[in-house]
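Student: Before anything else, here's the structure in question.
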Amino acid sequence: MGLIIEINDHLVFNYQFIIMNNILAASKPKPVILTCAQPTGNLTLGNYLGAVRNWSKMLEEYECYFGIVDLHAITVPPKPSVLRQNVYSCIAQYIACGLDPKKCNQFVQSHVIGHTELAWILTCMTPIGELQRMTQFKDKASKLGFKVSNESESSDIKFTHDGVRAQASINAGLLCYPVLMAADILLYNADLVPVGEDQRQHLELCRDLAGRFNQKYSETFTIPEPFVPPTGARIMSLVDPTRKMSKSDENEKATVFILDEPDQIRKKIGSSVTDSGTEIKVSQEKPGVSNLLTIHSSLSGIDFPSLEDHFLGKGYGELKSEVSDLLIEHLRPVRESYLQLINDKSFLDSVLKEGAQAAQQRAFKILNKVQRKIGLPDRPR
């Protein structure tokens with residue numbers, strides 16, 4: 001009888017221990033991930049397979065904030081009506097791709113007080129030389145017809161117009177937008193930020209600004225870490241498979257968009273670049289064929305060796321036909337869901353309202369702390 005009591009006591013103890021562990025695990029805050037994107041039109045197949053599809057897998061493990069950064073979009077001024085429509089289109093595409101608004105916070109940057117205020121505070125701590133040396137700024141300046149040069153006797157970067165576009169000018173927003181990007185991240189004290197190679201320099205600036213502020217005013221900001229999600233497929237241009245698929249490609253045959261109609265998909269895949277050979281395999285010497293096999297594998301879940309066996313003795317026409325069929329079937333529910341969502345503006349408004357409220361609640365905590373530390377008076381309540 002004593003043995004039974006001992007066993008029961010042991011079982012009770014273990015049961016209580018498990019309950020306490022579960023309570024502690026449930027009360028422990030999830031790491032915060034912030035992902036922001038400009039509302040620049042339809043998502044490409046590369047956006048979807050390379051990033052967005054993986055975002056939906058983060059919702060259970062992390063506290064996720066997805067920001068539509070419309071203020072960034074006006075550094076190159078769009079038509080107001082197009083920008084407004086793109087915001088709704090962007091949120092509808094996100095939801096259609098699997099970002100459940102009940103499991104994450106989706107908001108528009110301009111709907112949340114604090115982004116521009118914090119950006120101004122951080123701008124006042126940022127040497128202009130740091131912004132001039134940003135790679136993306138120099139690239140965009142060169143596209144406007146400016147030559148960028150470093151003079152050995154000066155650390156400043158000089159911009160001289162080469163006459164390509166006589167009316168071109170560089171606005172201050174284009175120069176300062178990396179600071180606004182840093183504010184977007186620090187306003188939510190994000191632990192992790194998914195970044196591509198082209199954004200790593202901006203995240204480093206964000207980390208530097210956070211450290212600079214913390215050192216001057218005491219610990220305030222979390223120093224964000226780059227987040228590398230599960231590797232998504234790198235989808236290349238259909239007309240030049242040595243370049244990434246891009247929504248800004250001037251050749252409409254180069255890019256598949258997730259909202260393309262079946263006929264459009266079949267035409268684009270059918271005209272995609274392959275090579276003069278006949279063998280279907282993944283190889284650096286066969287970038288076009290490799291790109292089609294990558295799309296197939298990403299959608300079918302079949303590994304490359306198995307696909308190569310499957311297409312042994314078959315031609316490029318059969319490969320393109322299968323890839324087209326897979327794409328059409330995979331994207332059909334996404335497109336159908338989008339068409340329902342984009343016609344339900346009241347639902348999209350409710351999603352953005354709830355997302356903005358959650359984002360605002362978190363943002364005010366950081367903004368008030370920052371303003372108090374630098375000496376600004378408290379906001380009237």
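Student: Would you point out the residue of the range 266-309, among those that are part of a loop (DSSP other than H, G, I, E, B) and of a type in the set (S, T, Y), that is surrounded by the most Cβ atoms within 10 Å (Cβ to Cβ)?
Tutor: The residue in question is S272.
Student: Something else now. With (1) outside the structural domain of G114 (by TED's automatic domain parsing); (2) buried (at least 16 other Cβ atoms within 10 Å of the Cβ); (3) hydrophobic (A, V, I, L, M, F, W, C) as the list, and L312 as the residue in question, which single condition is left unmet?
Tutor: Here L312 clears every test but (2).
Student: Between a residue in the range 66-83 that is farther than 17 Å from F137 by Cβ and any residue that is charged (D, E, K, R) and buried (at least 18 other Cβ atoms within 10 Å of the Cβ), which pairs come within a Cβ distance under 8 Å, given they are 6 or more apart or on different chains?
Tutor: Once the first residue is farther than 17 Å from F137 by Cβ and sits in the range 66-83, its partners that are charged (D, E, K, R) and buried (at least 18 other Cβ atoms within 10 Å of the Cβ) give G67/D184; L83/D70.
Student: Name the pairs: first residue in the range 38-61 and buried (at least 18 other Cβ atoms within 10 Å of the Cβ), second residue in a strand (DSSP E or B), Cβ to Cβ under 6 Å, at least 6 apart or on different chains?
Tutor: Partner pairs satisfying both residue conditions: P39/I68; T44/F257; M58/C64.
Student: In the list T116, T126, which residue meets the criterion of being in a loop (DSSP other than H, G, I, E, B), farther than 23 Å from D344 by Cβ and in the same structural domain as N368 (by TED's automatic domain parsing)?
Tutor: T126
Student: Please go through the range 252-296 and pick out each residue that is over 28 Å from the mean Cα position of the chain (by Cα) and either closer than 26 Å to I95 by Cα or in contact (Cβ under 8 Å) with a residue 60 or more places away in the chain (or both).
Tutor: Correct list: D263 only.
Student: Continuing with this model, one more query. Quickly run through the range 245-259 and pick out the residues that are of a type outside the set (G, A, S) and surrounded by 14 or more Cβ atoms within 10 Å (Cβ to Cβ).
Tutor: Across the range 245-259, the qualifying residues are M245, K247, D249, K253, T255, V256, F257, I258, L259.
Student: Taking the stated definitions as given, is P241 within 21 Å of G50 (Cα to Cα) and surrounded by fewer than 22 Cβ atoms within 10 Å (Cβ to Cβ)?
Tutor: no
The values are calculated or read from the model by the stated rules, or taken from the named source; none is laboratory data. Just so you know, these numbers come straight off a predicted model, no measurement behind them. For neighbour counting, all protein chains shown are included, and Cβ atoms are generated from backbone atoms with ideal geometry for every residue, glycine included.
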